[in-house]
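The values are calculated or read from the model by the stated rules, or taken from the named source; none is laboratory data. From a predicted model like this one, the values you see are computed outputs, not experimental measurements. Positions of Cβ are backbone-derived with ideal geometry, glycine not excepted, and every protein chain shown enters the neighbour counts. The protein model used for the area step is the full one, side chains on, heavy atoms only, and it has no ligands, DNA or RNA in it. Shrake-Rupley method; radii C 1.70, N 1.55, O 1.52, S 1.80 Å.
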Amino acid sequence: MALLSTNGLTAFYGDFQALYGITSEIGEGETVAIIGANGAGKTTYLSALAGLRTADKSMIEFDGAPIGGEKPARILSLGIAMVPEGRRLFPSLSVEENLLVGNYGRKAKGPWSLEAVYRLFPILRERRRQSSHSLSGGQQQMVAVGRALMSNPRLLLCDEISLGLSPAVVKDIYAAIASIRASGASVIVVEQNINQALDVADRIYCLLEGRVTLEGSPAGLGAGRIRSAYFGG
């Protein structure tokens, strides 16, 4: 049984329909990449999973139970945490305070603690007393990932975590994703960078204008088919 699945998921912004019947699934310990160009519906898809967009209850299932339309706090308590696009840290709080915010909504036992996050991102230990606003973009992204991990999620949602970062920083962030997966969590990564997505994913779903145009393993699909689906060729 899949850890999470969507069944004909739709989503709207007022009268504008952003998702058209997305059916997908992710298994325990699996990393799935959602790829597609700007406006494909990737962020809307993650937002629906996190409870930030309304959905019919039966459209999203987690651990065998329908959760569509649940409030974000309830979604977090079940074990789904999100690293949002743009990081959305609290600039008035220190690095450590931002990290500690992550376990307020879910105090589950698991591999992730403040000490474990500092081992994953050693620079954050050095900067722990600084305001998060004073960090570089890459360090802020590390805080955003660490904050989500503090809830010991079963499923981690990562929205454009490489956006605007240097290649060296992106490499460090995605090395952390490998460690997160090794801890037992499942991961959904939304990416515009096709190569980055293919490197990390067991499977991909390619979205175009709110619809799935291709799904499968990167090795099985091949780069040519993936690029064609991405661009609508």
Considering only DSSP beta bridges with both partners in the chain, what is the antiparallel share in %, to the nearest 5? 50 percent
Using θ = phi - 60° and the Karplus form 6.51 cos²θ - 1.76 cosθ + 1.60, what ³J(HN,Hα) does each residue of region 53-58 get, whole Hz, x for Gly and Pro? 10, 6, 8, 4, 4, 6
Amide proton proximity set for T213, modelled H, under 5 Å, gap of 5+: C206, L207, L208
Determine how large the accessible area of C206 is when every protein chain is in place; take a 1.4 Å probe and give Å² rounded to the nearest 10. 0 Å²
So, with a 1.4 angstrom probe, what is the percent of accessible area on the chain that is carbon and sulfur? 51 percent
Using alpha carbons only, how many degrees (0 to 90, rounded to 10) separate the axis of helix 137-149 from the longest principal axis of the chain? 80 degrees
Rounded accessible area of Y118 (nearest 10 Å², 1.4 Å probe): 10 Å²
How much FRET efficiency would the formula 1/(1 + (r/R0)^6) give for R129 and E215, where r is the Cβ-Cβ distance and R0 is 41 Å, rounded to 0.05? 0.35
Ignoring ligands and nucleic acids, what accessible area does M82 show with a 1.4 Å probe (Å², nearest 10)? 40 Å²
Cα-based Lys proximity count in the chain, under 24 Å, for pairs eight or more positions apart or on separate chains: 6
Once phi for every residue in region 175-189 is put through the Karplus expression 6.51 cos²θ - 1.76 cosθ + 1.60 (θ = phi - 60°), the whole-Hz ³J(HN,Hα) values, with Gly and Pro written as x, are 5, 5, 4, 4, 5, 5, 5, 5, 6, x, 7, 8, 9, 10, 10
What do you reckon, how do E191, E97 stack up by accessible area (1.4 Å probe), largest on top? E97, E191
Residues whose modelled amide H sits under 5 Å from the amide H of A55, counting only those 5 or more places away in sequence or on another chain, are G69
Residue separation times 0.36 nm, minus the C-alpha to C-alpha distance between A116 and S92: what's the value? 6.3 nm
Leaving out ligands and nucleic acids, and using a 1.4 Å probe, what accessible area per residue does the chain come to in Å²? 44 Å²
What residues have an amide H closer than 5 Å to that of V83, excluding those fewer than 5 places away on the same chain, when H is modeled at 1.01 Å from N in the peptide plane? L157, C158, D159
May I ask you to evaluate 6.51 cos²θ - 1.76 cosθ + 1.60, the Karplus curve with θ = phi - 60°, for each residue of region 59-72 and list the ³J(HN,Hα) values in order in whole Hz, giving x for glycine and proline? 6, 10, 10, 10, 6, x, 10, x, 10, x, x, 5, 5, x
